[in-house]
Amino acid sequence: MNDRGSTEWEIAVLDGGPANGVRMRVADRPSVVQVTYPCELDGPSGGAQVDALFVYRRDPRVQGEPLRYGFDLASP
């Protein structure tokens with residue numbers, strides 16, 4: 001946030017993994033972003049939804065826009 005209390009947004013791009021090349025806006029330079037993709041379910045789910053989760057970590061060497069987030073191979 002800046003000194004007036006408004007959020008400052010920055011452009012970021014994802015490198016590698018299933019969301020390679022995706023561009024987005026982030027606030028406050030988060031160190032990690034999560035990307036999810038819905039999974040198709042076979043059979044009854046009782047209302048449950050399943051998503052595949054992928055983690056991207058900010059490259060601290062990049063100081064200007066676009067910020068860069070690299071795919072974390074150790075994603076859960």
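The values are calculated or read from the model by the stated rules, or taken from the named source; none is laboratory data. Treat the numbers as computed from the prediction; the structure is a model and nothing was measured. Don't worry about glycine lacking a Cβ; one is built from the backbone with ideal geometry, like all the others, and counts go over all protein chains shown. Quick note on the areas: whole protein, heavy atoms, side chains included, nothing else; ligands and nucleic acids left out. Shrake-Rupley method; radii C 1.70, N 1.55, O 1.52, S 1.80 Å.
Looking at the structure I just gave you, is VAL50 open to solvent by less than 70 Å² (accessible area, probe 1.4 Å), among the β-branched types (Val, Ile, Thr) and in contact (Cβ under 8 Å) with a residue 12 or more places away in the chain? When the stated conditions are applied, VAL50 passes them.
Being at pLDDT 95 or above and over 11 Å from the mean Cα position of the chain (by Cα): is that true of PRO76 here? Outline the logic, then answer.
Working: at pLDDT 95 or above: no; over 11 Å from the mean Cα position of the chain (by Cα): yes.
Criteria not met by PRO76.
Taking the numbered list (1) outside any loop (DSSP other than H, G, I, E, B); (2) more than 20 Å from THR7 (Cβ to Cβ); (3) of a type outside the set (Gly, Ala, Ser) in turn, VAL33 passes all entries but (2). Looking across the range 1-47, the residues that are open to solvent by 100 Å² or more (accessible area, probe 1.4 Å), modelled with pLDDT of 95 or more and charged (D, E, K, R) come down to ARG23, ARG25. One residue stands out among those in the range 65-76 that are open to solvent by less than 40 Å² (accessible area, probe 1.4 Å) and part of a loop (DSSP other than H, G, I, E, B): the one that is farthest from ASN20 (Cα to Cα), which is SER75.
If you take the residues in the range 53-63 that are part of a loop (DSSP other than H, G, I, E, B) and either within 12 Å of GLY17 (Cα to Cα) or open to solvent by 40 Å² or more (accessible area, probe 1.4 Å) (or both), which one is modelled with the lowest pLDDT?
First, pick out the residues of the range 53-63 that are part of a loop (DSSP other than H, G, I, E, B): 59-63.
After this cut, where a residue has to be either within 12 Å of GLY17 (Cα to Cα) or open to solvent by 40 Å² or more (accessible area, probe 1.4 Å) (or both) as well, the list is 60-61, 63.
Details: PRO60: 96, ARG61: 96, GLN63: 93.
In this case the residue turns out to be GLN63.
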